[in-house]
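Values in this text are rule-based calculations from the coordinates and carry no lab data. Everything numeric here is computed off the predicted structure, so don't read it as measured data. Cβ: placed from backbone, ideal geometry, glycine included. Neighbour counts: every protein chain shown.
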Amino acid sequence: MSNQATLSVDVRSETGSGQCRRLRNKAFVPGIFYNAQGANLLFSAERTPLQKLYNKVGLSQVFQLEIKQSGESQLHPAIIRDIQFHPVKGSITHIDFFGVDLTKKINVYIPVEVTGKPKGVVLGGMLETFRDELEVVGLPMSIPEKIVIDVTALEINHNVHVQDLKLPDNVEFVFEDNFAVVGVVSPSASDSEAEEGEAEKGE
């Protein structure tokens, strides 16, 4: 990944809900860094740079984590493993980072992005996205930011399946069945699904 993002964090020693609350009140976010060997380290990060990092790398892209402690700093390649948000404000309240070995494969979920207007939609069908994200396994630096699916040629009652999609070298999808990711359904099928949904709401 070009222009790899970097985030600086400070090691913290105090734990507990009270300490985490004080950090949030000062526009910091508490978090935990799990290194590739399984050890963990508590840290705090400034909320604004952290939000910018999340907007850029999501939950799949590698970034450089600068951990500062006792006047020294170390860089670690990492990904965001888990993130929590305030239920009302939407701000980040806690985050977990996972240190990665760039020579070893990891499992992550990457988002699906659909582009184009399908032929089937022009003829009256409805575009349905069955999966918003897909699980992949691969070398950390080879994993794409997203899966872009061009559905322009998709006709009514036709689907794009996971096996139809291409990935970079050293990355592959994780699946057992060749499931549909996106498709165009006929108008009658769309109406039936809508009626079934209304019936279920009324029960």
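Things to note:
- Hits among lysines - C-alpha to C-alpha of LYS146 under 29 Å, sequence gap 8 or more where chains match: LYS52, LYS56, LYS89, LYS104, LYS105, LYS117, LYS119, LYS166
- Evaluated over the Cα positions of the range 106-202, the convex hull gives a direction-averaged projected area, one quarter of its surface, of 7.2 nm².
- Net dipole in debye of the chain [+1 Lys, Arg Cβ; -1 Asp, Glu Cβ; about Cα centre; nearest 20]: 1420 debye
- Ranking PRO49, VAL162, VAL122 by how far each Cα lies toward the positive end of the dipole of the chain (charges on Cβ) leaves PRO49 at the top.
- Residues VAL174, VAL151 in ascending order of nearby Cβ atoms (within 10 Å, fewest first): VAL174, VAL151.
- Residues of the range 144-169 with amide N under 13 Å of a point placed 7 Å along Cα→Cβ from SER188: 157
- Cα centroid separation, the range 42-59 to the range 84-124 (Å): 15 Å
- Applying 1/(1 + (r/R0)^6) with r as the Cβ-Cβ distance of LEU165 and THR103 and R0 = 22 angstrom yields a FRET efficiency of 0.30.
- With 10 Å bins from 0: P(r) over the chain, alpha-carbon pairs, percent: 8, 27, 25, 21, 14, 5, 0
- For the chain, modelled as a GNM whose springs connect Cα atoms under 10 angstrom apart, the maximal fluctuation among ALA36, ALA153, ALA27 occurs at ALA153.
- Mean-position separation - Cα centroids, the range 1-33 and the range 143-193, in angstrom: 38 Å
- Cβ-derived FRET efficiency at R0 25 Å, SER13 paired with HIS86, nearest 0.05: 0.50
- 15 Å cut-off, amide nitrogen to a point 7 angstrom out along ASN40 Cα→Cβ, residues in the range 69-98: 81-84, 94-98
- Here the label points at GLN69 and GLN51, each 7 Å from Cα along the C-beta direction, are separated by 2.9 nm in the simple model.
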